[in-house]
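Read the structure below first, then the notes.
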Amino acid sequence: MKKLALHWKILIGMVLGVVFGLIMTSVSGGEDFVTDWIAPIGTIFVKMLKLIAVPLILASLIKGISDLKDISKFRSMGLKTIVIYVLTTVIAITIGLGLVNVIKPGEGITQETVQVLKDKYSETDKAATIISNAKKTKDAGPLKFLEDMVPDNAVAAMSNNKLMLQVIFFAIFLGICMLLIGEEQAKPLKDFFDSLNEVVLKMVDLIMLTAPYAVFALLANVIVSADDPDILLALMRYAGVVVLGLFLMIVFYMTIVSVYAKKSPFWFLKQISPAQLLAFSTSSSAATLPVTMERVEEHIGVDKEVSSFVLPVGATINMDGTSLYQGVAAVFIMQVLWPEGLVFSNQLVIILTALLASIGSAAVPGAGMVMLVIVLEAVGFPSDLLPIALALIFAVDRPLDMCRTTVNVTGDATVSTIIAKSEGKLGNPKVKNWDDNYEAVK
């Protein structure tokens, strides 16, 4: 009997999680049961993925660079990566702005709904924290994001998943220096990182065995902790515009994969679907990164030289889904609260600011909402309305966060495939299973 593919197992887990969550919302004490006994399973799974993220980036990036025979290839690959990430982000924002201006979801929101949202969310600590973080980011110098990339303590950087760019910087620096001292002297260290890379990838395989159960727990918890259904319904038109825009970005990615990489888009989606489903369940590109790297390398055939650089950088600074969301959310808020600000020049400012904010806010907690505040302030949105603006979209932020994270991960995988194709590093998939060596050690 043929084994059920992993992505089908995860999908079944997601569906059962949603059904179970809906049942628990109608059972007395159901929400507490899910919170106490089900949610921790998902939390442990996410922690395990985050646990191996830094060792995987460190090992794979150093291995990828130290395998290079020509250091100029790394410079070429790095430049292509940044340029393509910027272009896809601009396209994402433009798609979002185009849809929100045509569909005008803000015109369907009544003042009564605005008042309900204002009463429920605008005075919360969450809104104040987001506005405070946005102010700190905005007040920072123009080169602050470059300054933040360089660690003053490599060990401290590796102890915090939010400092992923610093880990990437250290790994690149170390890998280049290994090339410069010569193959013979670098061999002991290279062998260590090669071995570490294989061990961490095997950890990914083992962790993924629990993925269907984990997404069941994560989705059940999302359902029982969801906001007022009436408020969600009122914001459905706005959420629909965001989801439509994200779907069009997926179509755009698949077109590139088909035309440039000469790969079937359906085959491509099938190979990365476990990473997409985990991104949807966890709402975290960083937590999904180990799985994304494993799927792109083993199931699509992208060489480690490419994936080990492109994917960690993408998980940190490439926010296509989030940037598209910024454009839609900003114009939606203006349609409801500040219609006089809807002029063409402000739309151009939104594109530029959302692009810059997506890079500058990479290491900021709750980056999506922080970016939105920065974008709104850039167009002159009244500061006294900011808490109300955030309240307007808080209710549907979690499900939309799940969707935009899925697009972010898909974009990272697409760009890594494109870069690999352009560098002649796109080969045949070589799938490894968790039990490849089990017979020898059992």
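Readers should treat all values here as calculations from the given coordinates under stated rules, not as data from a laboratory. This structure is a prediction, so every number in the text was calculated from the model and none was measured. With ideal geometry, Cβ positions are generated from the backbone for all residues, glycine too; neighbour counts draw on all protein chains shown.
Counting neighbouring beta carbons within 10 Å and listing from fewest to most, the residues Ser323, Ser258, Ser28, Ser132 come out as Ser28, Ser132, Ser258, Ser323. Enter the Cα centre distance for the pair the stretch 289-308 and the stretch 191-267, rounded to the nearest angstrom. That distance is 16 Å. The slack between Lys432 and Gln115, meaning 0.36 nm per residue of separation minus the straight C-alpha distance, is 108.6 nm. Return one number: the angle in degrees, 0 to 90 and rounded to the nearest 10, between the long axis of the Cα atoms of helix 320-337 and the longest principal axis of the Cα atoms of the chain. Helix 320-337 and the main axis of the chain meet at about 10 degrees. Take the Cα of Val19, step 7 Å toward its Cβ, do the same at Leu79, and the gap between the two points is 5.5 nm. Exceedance of the 19 Å cut-off in Cα-Cα distance is limited, within the set Lys9/Lys421; Lys270/Lys432; Lys47/Lys126; Lys50/Lys270; Lys73/Lys304, to Lys9/Lys421; Lys47/Lys126; Lys50/Lys270. Summing Cβ point charges (Lys, Arg +1; Asp, Glu -1) relative to the Cα centre of the chain gives a dipole of roughly 1080 debye. Helix 72-103 and the longest principal axis of the Cα set of the chain meet at an angle near 20°.
The slack between Ile176 and Lys442, meaning 0.36 nm per residue of separation minus the straight C-alpha distance, is 91.8 nm.
Tell me which of Ala234, Asn197, Leu143 sits at the most positive position along the dipole axis of the chain, charges placed on C-beta atoms (Lys, Arg +1; Asp, Glu -1). After comparing all options, I get Asn197. With only Cα atoms counted, the stretch 238-382 has Rg and Dmax values of 17.0, 52 Å. Taken along the Cα-to-beta-carbon direction at a fixed 7 Å, the label points for Asp191 and Val349 span 6.1 nm.
Positive-end ranking of Gly341, Asn428, Gly17 along the dipole of the stretch 6-428, with charges on Cβ about the Cα centre, is headed by Asn428.
By the count of neighbouring beta-carbon atoms within 10 Å, fewest first, Arg398, Arg237, Arg404 end up ordered Arg398, Arg237, Arg404. With the charge dipole of the chain set up from +1 on Lys and Arg Cβ and -1 on Asp and Glu Cβ about the Cα centre, the Cα lying farthest toward the positive end among the listed residues Gln185, Leu289, Val215 is that of Gln185.
Computed over the stretch 319-429, relative contact order equals 36 percent, with contacts defined as Cα pairs under 8 Å that lie 6+ residues apart. Over the chain, dividing the summed -39,500 (n - 2.57) contributions of all DSSP H runs of at least 4 residues by the number of residues returns a 222 nm mean residue ellipticity of -25000 deg cm²/dmol.
Tell me, what is the FRET efficiency for Leu68 and Leu233 to the nearest 0.05, using R0 = 41 angstrom and their Cβ-Cβ distance as r?
Given R0 = 41 Å and the Cβ-Cβ separation, E is 0.15.
Does anything in the stretch 207-239 have its amide N under 17 Å from the 7 Å Cα→Cβ label point of Asp32, and if so which residues? Only 224-225 pass the distance filter. Helix 236-259 and the long axis of the chain differ in direction by around 30°, with both axes built from C-alpha atoms. Annotation: Cα Rg of the chain relative to the compact-globule expectation 2.2 N^0.38 Å equals 0.99. Here the stretch 237-268 is scanned for amide nitrogen atoms under 20 Å from the site 7 Å beyond the Cα of Asn101 along Cα-to-Cβ, giving 238-249.
In a shell of Cβ-Cβ distance under 14 Å around Ala53, excluding Ala53 itself, what net charge do Lys and Arg (+1) and Asp and Glu (-1) give?
+1
For Phe192, neighbours were defined as the other residues whose beta-carbon sits under 13 Å from its Cβ, and their charges (Lys and Arg +1, Asp and Glu -1) total 0.
Checked against a 20 Å cut-off, the cross-linked pairs Lys63/Lys162; Lys80/Lys135; Lys69/Lys190 give Cα-Cα distances beyond that limit for Lys63/Lys162; Lys80/Lys135. By the count of neighbouring beta-carbon atoms within 10 Å, fewest first, Tyr325, Tyr85, Tyr260 end up ordered Tyr260, Tyr85, Tyr325.
Compute the FRET efficiency between Val150 and Val251 as 1/(1 + (r/R0)^6), taking r as their Cβ-Cβ distance and R0 = 35 Å, and round to the nearest 0.05.
0.40
For the stretch 304-397, the convex hull drawn through the C-alpha positions has a volume of 97 cubic angstrom per residue. The distance between label points at Glu198 and Ala140 comes to 3.9 nm (points 7 Å beyond Cα on the Cα→Cβ vector).
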